[in-house]
Amino acid sequence: LRAGLAAAVIVPSLVALIAHHYHGQQQATAIGALGSARAAAGVDLLVVTKSAPASLYPLLLEAGVTQVAENRVQAVEQRRPLAPPSWRWHGIGHLQRNKVKRAVRLFDVFHALDSLELARALDQALEGAGRTWAVYIQVNAADDPRKGGVAPSEAGALVESLRELPHLMPVGFMT
């Protein structure tokens, strides 16, 4: 009985805490949008779930989360079947070419397009899957050798090259 009571007390407070932080970020995004040409409604807030247990998914859903991000294909293979089917999944990590087909099947959006070779492999896999994919080009704006992404001076050429790949839809940059 005591464990049941503790769970009943903890879960609502955890839901409230998650909702508080999530909605706080939404408000910060809206305030930030006031000073820009972009409307807050056009900004998506992603919750990165890479170390959170799947048991938190109902709490995230109750807090209003609709978009989640993972940095590993293997993780999303395990997690997506346990998650609400309405969630939109974003791939945010470096993608090895041997995992392209799996990534195309699992993610709805990809945020780490960092080479023309990867773009070609993705386009081919997407053609086979009969779909298109929204992608963000990863730019290493700090020229940090520990980080992935194309150099800022190469980003324009990569965008131009994507015109030849009909299954990739570049929607922005990730830095």
Considering only ASN140, ASN98, ALA121, whose Cα is most displaced toward the positive end of the charge dipole of region 68-142, charges sitting on Cβ of Lys, Arg (+1) and Asp, Glu (-1)? ASN98
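To the nearest 20 Debye, how big is the dipole of the chain about its Cα centre, given +1 on the beta carbon of each Lys and Arg and -1 on that of each Asp and Glu?
On the way: 17 positive and 14 negative charges, 119 e Å.
My answer is approximately 580 debye.
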Tell me, what are the semi-axes, in whole angstrom and largest first, of the equivalent ellipsoid of region 27-116 as set by the roots of 5 times the Cα gyration tensor eigenvalues? 25, 19, 10
Which of the aspartates and glutamates could a cross-linker bridge to LYS101, judged by Cα under 13 Å and excluding same-chain residues fewer than eight apart? GLU77, ASP123, GLU127
Looking at the chain as a GNM with Cα springs under 10 Å, which of ASN71, ASN140, ASN98 has the largest mean-square fluctuation? ASN98
Using a 1.4 Å probe on heavy atoms of the protein chains only, the accessible area for MET174 in Å², nearest 10, reads 50
In a Gaussian network model of the chain with springs linking alpha carbons closer than 10 Å, the residue among ALA155, ALA83, ALA142 that fluctuates most is ALA142
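If you put +1 on each Lys and Arg Cβ and -1 on each Asp and Glu Cβ, how big is the dipole of region 102-142 around its Cα centre, in Debye rounded to 20?
Values: 4 positive and 5 negative charges, 29 e Å.
I would put it at about 140 debye.
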Have a look at region 71-175 and give its Rg and Dmax from the Cα atoms, expressed in angstrom. 13.5, 41
With labels modelled as points extended 7 Å from the Cα through the Cβ direction, what inter-label distance (nm, one decimal) is found for ALA75 paired with ALA157? 3.2
Residues in region 138-175 near a label at VAL43, defined as backbone nitrogen under 19 Å from the 7 Å Cα→Cβ point? 171-175
What whole-number value in cubic angstrom gives the convex hull volume per residue for the C-alpha atoms of the chain? 144
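Evaluate region 80-121: find the radius of gyration of its Cα atoms, find its Kirkwood radius, and give the ratio Rg to Rh. Each step should come with its number before you reach the end.
Numbers: Rg = 11.1 Å, Rh = 11.1 Å.
Over the Cα atoms of region 80-121, Rg/Rh equals 1.00.
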Each label sits 7 Å from Cα toward the beta-carbon; between ARG88 and GLU127 the label points are separated, in nm, by 2.7
Please give the length that would be gained between LYS147 and ALA54 if that part of the chain were fully extended, namely 0.36 nm times their separation in residues minus their C-alpha to C-alpha distance (nm, one decimal). 30.7 nm
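The values are calculated or read from the model by the stated rules, or taken from the named source; none is laboratory data. On a predicted model such as this, the values are computed, not experimentally measured, just so you know. Counting neighbours? That spans all protein chains shown, and the Cβs are built from the backbone with ideal geometry, glycine included. Ligands, DNA and RNA are stripped out before the accessible areas are found, and what is left, the full protein with its side chains, is counted by its heavy atoms. Shrake-Rupley method; radii C 1.70, N 1.55, O 1.52, S 1.80 Å.
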